[in-house]
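Nothing in this text is a laboratory measurement; each read-out follows from the coordinates by a stated rule. Everything numeric in this text was worked out from a predicted model, so none of it was measured. Cβ placement follows ideal geometry from the backbone for every residue including glycine, while neighbour counts extend to all protein chains displayed.
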Amino acid sequence: MSSTSTPLPDSLARIVERFKRRTDPKQRYAQLLWYAKKLKEMPEEDKVPENKVPGCVSQVFMTANLEDGKVWYKGDSDAQLVKGLVALLIEGLNGLTPEEILQVSPDFIQETGLNVSLTPSRANGFYNIFQTMKKKALGYKLAASS
């Protein structure tokens, strides 16, 4: 059960469960690298300054599109572990409504056990990527309500 006030979306809950089964930090890193390898290629033309995630040590790019009321993200990073975090968040949040995304708390990272394995700069990067994704979802929500 999630420690957050609202339950995690199914896709994110499945990811959390996958990481919970990995007790060794090396296994968690291997899992993250697996996500990085699985991440769909982001078009080079989307790797522009306006899609850059602020506050990340490595280069991180994120785009979002709204289709049929659901948000679909694409992202990339030049660092493999960070790319894994991007992939984890995309898999966990893709296909949700802006409202569902806005209800997710970043605290789920503690449940994965990754927070203890990540360096402070990577943990900070995770939160910046997550906040960027939420900001994009909020933009769609605000546009829909105006």
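When all C-alpha to C-alpha distances in the stretch 11-130 are sorted into bins of 5 Å, what percent of pairs does each bin hold, rounded to whole numbers?
2, 11, 22, 25, 22, 12, 4, 1, 0
Could you give the semi-axes, largest first, of the ellipsoid that matches the stretch 1-58, computed as the square roots of 5 times the alpha carbon gyration tensor eigenvalues and rounded to whole Å? Please report the intermediate quantities before stating the final value.
Values: eigenvalues 144, 59, 30 Å².
They are 27, 17, 12 Å, listed largest first.
All other residues with a Cβ under 10 Å from the Cβ of residue 112 taken together, and with Lys, Arg as +1 and Asp, Glu as -1, what is their net charge? Don't skip to the answer; put the middle values down first.
On the way: positive: 18, 20, 22, 28; negative: 17, 111.
The answer is +2.
Can you pick out the pairs among 47/83; 38/74; 70/141; 20/74; 37/74 whose Cα atoms lie more than 19 Å from each other? Before the final figure, lay out each step's value.
Details: 47/83 14 Å; 38/74 12 Å; 70/141 10 Å; 20/74 25 Å; 37/74 14 Å.
Check vs 19 Å cut-off fails for 20/74.
Percent relative contact order of the stretch 30-85, based on C-alpha pairs within less than 8 angstrom and at least six residues apart? Let's see the in-between values first.
Working: 73 pairs, mean separation 23.7, N = 56.
Rounded, it is 42 percent for the stretch 30-85.
Hey, what did the chain get for relative contact order, percent, Cα under 8 Å, at least 6 apart?
Values: 206 pairs, mean separation 44.3, N = 146.
It comes to 30 percent, rounded to a whole number.
So which helices of the chain fit the span-like rule, where a helix is a whole DSSP H run, its Cα atoms reach 18 Å or more along the axis, and its mean Kyte-Doolittle is at least 1.0?
On the way: long enough: 25-38 (20 Å, -1.22); 80-93 (19 Å, 1.57); 120-145 (37 Å, -0.43).
In the chain, the long hydrophobic H runs are 80-93.
Counting Lys and Arg as +1 and Asp and Glu as -1, each charge on the Cβ, what is the dipole of the chain about the Cα centre in debye, to the nearest 20?
Working: 20 positive and 17 negative charges, 97 e Å.
That gives a dipole near 460 debye.
How charged is the neighbourhood of residue 51? Take every other residue with its Cβ under 13 Å from the Cβ of residue 51, and add Lys/Arg as +1 and Asp/Glu as -1. Walk me through the numbers on the way to the answer.
Working: positive: 47, 52, 74, 135, 136; negative: 44, 45, 46, 50, 76.
So the environment of residue 51 carries a net charge of 0.
Counting Lys +1, Arg +1, Asp -1, Glu -1, what net charge surrounds residue 131 among other residues with beta carbon under 14 Å of its beta carbon?
Value of the local net charge: +3.
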